[in-house]
1. Counting each pair of different Cα atoms once, what's the Kirkwood radius of region 1-61 in Å, rounded to one decimal?
2. Could you give the length gained on full extension between residue 26 and residue 47, defined as 0.36 nm per residue of separation minus the Cα-Cα distance, in nm?
Amino acid sequence: MAGVPEGPEAEMLAPNLAYQEGFGRVFLVCAAGRTGERMRDAPRERLGDTPEQERGIVRDEPGETNRIRPARLAAVEED
């Protein structure tokens, strides 16, 4: 079927779509420091969360990304 990813992309698509269907929103995660395998498995692991648990996680994930970003920018500027 044209347009359907294969390989690693397909492995990541199915759990992301299941998450989106189950929680009604896209999957958010701070990717910093995570391996490809952890990124692939993260939505599948969180599918068992309650909606309340997910609201807390989704609320905190952008903050984690924003906490890391300035430190990385500062490190690049020092180089």
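Only the coordinates and a few stated rules stand behind these numbers; no lab work does. All values derive from a computational prediction rather than experimental measurement.
1. Computed over Cα pairs of region 1-61, the Kirkwood hydrodynamic radius comes out at 12.3 Å.
2. On the way: separation 21, 0.36 × 21 = 7.56 nm, distance 1.22 nm.
Extra length from residue 26 to residue 47 when fully extended: 6.3 nm.
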